[in-house]
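Read-outs throughout are calculated quantities, based only on the coordinates presented, and are distinct from any laboratory measurement. Note that the coordinates shown come from a computational prediction; the quantities given were computed from them, not determined experimentally. All Cβ positions, even for glycine, are placed from backbone atoms using ideal geometry, and neighbour counts span all protein chains on display.
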Amino acid sequence: MKLPPLVYLLGYAGLIPFLAGPLWLTLAPATAPAALDRWWLAWAALIAAFMAGSFWGMALQVVEGPSGQLGMAMSGALMVLAWAASLLPLRWALPALGVVFLLLVLAEFWRQRVLDPLSGYLSLRATLTLGVLAAFVWRWLLGGLG
């Protein structure tokens with residue numbers, strides 16, 4: 001199955017909030033609301049949990065076998081990690097969520113090999129994850145995460 005264009009459109013649209021926070025802090029830091037980082041990290045945690053949930057949906061297709069059950073367990077663990085990372089102080093939440101996104105990509109590599117290859121999905125996920133991690137590094141370099 002080939003991914004429809006809408007999947008790519010929504011995937012790349014999801015990067016906009018990741019880039020908007022650091023961009024705002026770069027261009028007009030004095031106008032940024034005090035809660036911007038919290039809102040931005042909440043978006044990151046939401047997307048990480050959503051991606052873990054989509055992984056769960058793919059594993060569900062083969063849940064009767066041991067690989068499907070392992071995939072569902074991995075998905076649940078990734079959801080909990082995304083939630084737990086969002087509870088950390090800002091300076092630790094950012095790298096913790098970065099690790100969650102890296103684990104999500106590793107899970108996708110595993111899914112691609114073990115469960116069911118979905119043409120183009122791994123490539124899209126890896127590309128989007130690079131965008132997320134670039135935004136995380138950008139925000140980290142701006143400092144002031146208290």
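Were the residues from Asp116 through Val7 laid out at 0.36 nm apart, the gain over their Cα-Cα distance would be 37.5 nm. Calculate how steeply helix 15-27 sits against the longest principal axis of the alpha-carbon atoms of the chain, using the helix alpha-carbon long axis, and give the answer as 0 to 90 degrees to the nearest 10. Taking the Cα atoms of the chain, the angle to 15-27 is about 20 degrees. The three principal axes of the C-alpha atoms in the chain carry coordinate ranges of 53, 32, 18 Å, sorted with the longest axis first. Other residues within the sphere of radius under 14 Å centred on the Cβ of Ser54, judged by their own Cβ, net out at 0 (K and R +1, D and E -1).
Toward the positive end of the charge dipole of the range 1-141, about the Cα centre and with charges on Cβ (Lys, Arg +1; Asp, Glu -1), which of Ala48, Met79, Pro95 goes farthest? Positive-end residue among those listed: Pro95.
Once the C-beta distance of Trp24 and Thr127 is scaled by a Förster radius of 30 Å, the resulting FRET efficiency is 0.80 to the nearest 0.05. Using the Cβ-Cβ distance between Ala134 and Leu87 with R0 = 25 Å, the FRET efficiency computed as 1/(1 + (r/R0)^6) comes to roughly 0.55.
Net charge in the neighbourhood of Leu145 (other residues with Cβ under 10 Å of its Cβ; Lys, Arg +1, Asp, Glu -1) is +1. Based on DSSP H segments of at least four residues, each scored -39500 (n - 2.57), the chain has a per-residue ellipticity at 222 nm of -27000 deg cm²/dmol.
Rounded to the nearest 10 degrees, the inclination of helix 90-114 to the longest alpha-carbon principal axis of the chain is 20 degrees.
With viscosity set to 1.306 mPa s at 10 °C, what whole-number translational diffusion coefficient in µm²/s follows for the range 72-139 from Stokes-Einstein and a Kirkwood radius over Cα pairs? Translational D for this selection: 125 µm²/s.
For helix 121-142, report the angle its Cα long axis makes with the longest principal axis of the Cα atoms of the chain; keep it between 0 and 90° and round to the nearest 10°. Helix 121-142 and the main axis of the chain meet at about 20 degrees.
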